[in-house]
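K.L.:
What follows is a single structure, and I will ask about it in a moment.
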Amino acid sequence: TDEVYGSLGETGLFTETTPYDPRSPYSASKASSDHLVSAYFHTYGFPALITNCSNNYGPLQFPEKLIPLVTLNALEGKPLPVYGDGKNVR
């Protein structure tokens, strides 16, 4: 996911060639899994394919995730959650 690429800043974009630059232990652990698989591929010929997929949304997504939470809260007249200070760019 996008956390492995670090912080974008005021402008710009990430591409498939953007190097990993995780900024938290959580995002570093996600990036490390790609590096571990890559190392097995190069060292032992392990058959692997690393993909950078986006988040998928659907009817079985956990209700605490952003899209289901905002949708359900809106339908029920509850407050819509806003997290952070609004300065994060993804």
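The values are calculated or read from the model by the stated rules, or taken from the named source; none is laboratory data. Predicted model only: the values in this text are computed from it and were never measured. Here Cβ is always computed from backbone atoms with ideal geometry, including for glycine, and neighbour counts include all displayed protein chains. Each accessible area value is taken on the protein alone, full model and side chains, heavy atoms only, with ligands, DNA and RNA left out. Shrake-Rupley method; radii C 1.70, N 1.55, O 1.52, S 1.80 Å.
K.L.:
Go ahead and run the numbers for FRET between residue 41 and residue 65, Cβ-Cβ distance against an R0 of 30 Å, rounding to 0.05. Don't skip to the end; give the middle numbers.
P.N.:
On the way: r = 31 Å, r/R0 = 1.04.
Approximately 0.45, to the nearest 0.05.
K.L.:
Take the alpha carbon gyration tensor of the stretch 12-53, find the square roots of its eigenvalues, order them as a ≥ b ≥ c, and report rounded if a/c is under 1.5; if not, report prolate when a/b exceeds b/c, else oblate.
P.N.:
On the way: a/c = 2.70, a/b = 1.57, b/c = 1.73.
Because a/c hits 1.5 or more and a/b fails to exceed b/c, the stretch 12-53 counts as oblate.
K.L.:
Right, another one. Enter the angle in degrees (range 0 to 90, nearest 10) between the Cα long axis of helix 66-75 and the first principal axis of the Cα atoms of the chain, meaning the one along which they spread out most.
P.N.:
Approximately 10 degrees, to the nearest ten.
K.L.:
Among residues other than residue 29 whose Cβ falls under 14 Å from its Cβ, what is the net charge (Lys/Arg +1, Asp/Glu -1)? Mind dumping the intermediate values first?
P.N.:
Values: positive: 23, 30; negative: 3, 34.
Charge balance in the 14 Å sphere: 0.
K.L.:
Hey, another quick one. Pairing the Cα long axis of helix 25-44 with the longest principal axis of the chain, what angle in degrees results, from 0 to 90 and rounded to the nearest 10?
P.N.:
30 degrees
K.L.:
Here is a follow-up. Based on the alpha carbon coordinates of the chain, what radius of gyration and maximum Cα-Cα distance (Dmax) apply, in Å?
P.N.:
17.1, 55
K.L.:
Counting only protein heavy atoms, what percent of the accessible surface of the chain is carbon or sulfur at a 1.4 Å probe? Mind showing how you got there, number by number?
P.N.:
Numbers: 4550 of 7560 Å².
Here it works out to 60 percent.
K.L.:
Sticking with this one: Run lengths n ≥ 4 of DSSP H only: what is the helix-derived mean residue ellipticity at 222 nm for the chain, with -39500 (n - 2.57) per run over all residues, to the nearest 500?
P.N.:
Calculated mean residue ellipticity at 222 nm is -11000 deg cm²/dmol.
K.L.:
Shifting gears a bit: Using a cut-off of 18 Å between alpha-carbon atoms, which aspartates and glutamates can reach residue 65, once sequence neighbours fewer than 8 places away in the same chain are excluded?
P.N.:
2, 3, 76
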